[in-house]
Amino acid sequence: MRCPWCGNEQDKVVDSRPAEGGQTIRRRRQCLSCARRYTTYERVEELGLLVTKSDGTKEPWDREKMVAGVRKAIVNLPVTEEQVARLAER
């Protein structure tokens, strides 16, 4: 972290606790250069899977779309619905 007052990158964590119902972590930090305190919040950044299409475009991965494609591909094969579900989970 960079101190918002002096820009120094050296700090120490003074206090750390859950916030927003456990969805974030609130940290009180103290700059080792100017000794001022500031608060930071850490949140999980959710990155979804992207599928690159044959034409180069990207779109979000859709489980149902993948399962529908597998079902079309296995129409005349001895594959159970449970096997398709396991494939989708992996």
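The values are calculated or read from the model by the stated rules, or taken from the named source; none is laboratory data. Since the structure is predicted, the reported quantities are computational estimates derived from the model, not experimental observations. For neighbour counting, all protein chains shown are included, and Cβ atoms are generated from backbone atoms with ideal geometry for every residue, glycine included. Keep in mind that these areas ignore ligands, DNA and RNA; they rest on the heavy atoms of the full protein, side chains included. Shrake-Rupley method; radii C 1.70, N 1.55, O 1.52, S 1.80 Å.
Taking amide H as placed 1.01 Å from N in the peptide plane, the amide H of Asn8 sits under 5 Å from that of Cys3, each at least 5 places away or on another chain.
Heavy-atom accessible area for Thr57, with the other protein chains in place and a 1.4 Å probe, reaches approximately 70 Å². Helices in the chain, meaning DSSP H runs of at least 4 residues, each add -39500 (n - 2.57). Divided by all residues, the mean residue ellipticity at 222 nm is -6500 deg cm²/dmol. Residues Ser33, Ser54 ordered from highest to lowest accessible area at a 1.4 Å probe: Ser54, Ser33. Here the Karplus curve 6.51 cos²θ - 1.76 cosθ + 1.60, taken at θ = phi - 60°, turns the phi angles of region 49-57 into couplings of 6, 10, 10, 8, 6, 5, 8, x, 6 Hz, with x standing for Gly and Pro. Restricting region 25-82 to chymotrypsin sites (Phe, Trp or Tyr not before Pro) that sit in a DSSP loop and have at most 16 other Cβ atoms within 10 Å of their own Cβ leaves Trp61.
When the surface is traced with a 1.4 Å probe over the full set of protein chains, Asp55 keeps roughly 110 Å² accessible. Amide H contacts for Ala19 (H built 1.01 Å from N in the peptide plane; partners 5 or more residues away or on another chain; cut-off under 5 Å): Thr24, Ile25, Arg26. Using a probe of 1.4 Å on the protein chains alone, the accessible area found for Arg26 is around 60 Å². Taking every C-alpha pair closer than 8 Å and separated by at least 6 residues, the mean separation divided by the residue count of the chain gives a relative contact order of 16 percent. Projecting the Cα positions of Gly48, Leu87, Pro18 onto the charge dipole of the chain (unit charges on Cβ atoms of Lys, Arg, Asp and Glu, taken about the Cα centre) puts Pro18 furthest along the positive direction.
For region 1-73, the set of GluC sites (Glu not before Pro) satisfying both a DSSP loop assignment and a count of at most 11 other C-beta atoms within 10 Å is given as Glu9, Glu45, Glu46.
Electrostatic tally near Glu42: other residues with Cβ closer than 9 Å to its Cβ, Lys and Arg +1, Asp and Glu -1, net +3.
Pick from Pro78, Pro18, Pro60: which is most flexible by mean-square fluctuation in a GNM of the chain where alpha carbon atoms under 10 Å apart are linked? Sorting by GNM fluctuation, first place goes to Pro78. Using a probe of 1.4 angstrom and keeping all protein chains present, the accessible surface of region 4-90 works out to 82 square angstrom per residue.
Quantify, in whole percent, the carbon and sulfur part of the accessible surface of the chain (1.4 Å probe; protein heavy atoms only).
50 percent
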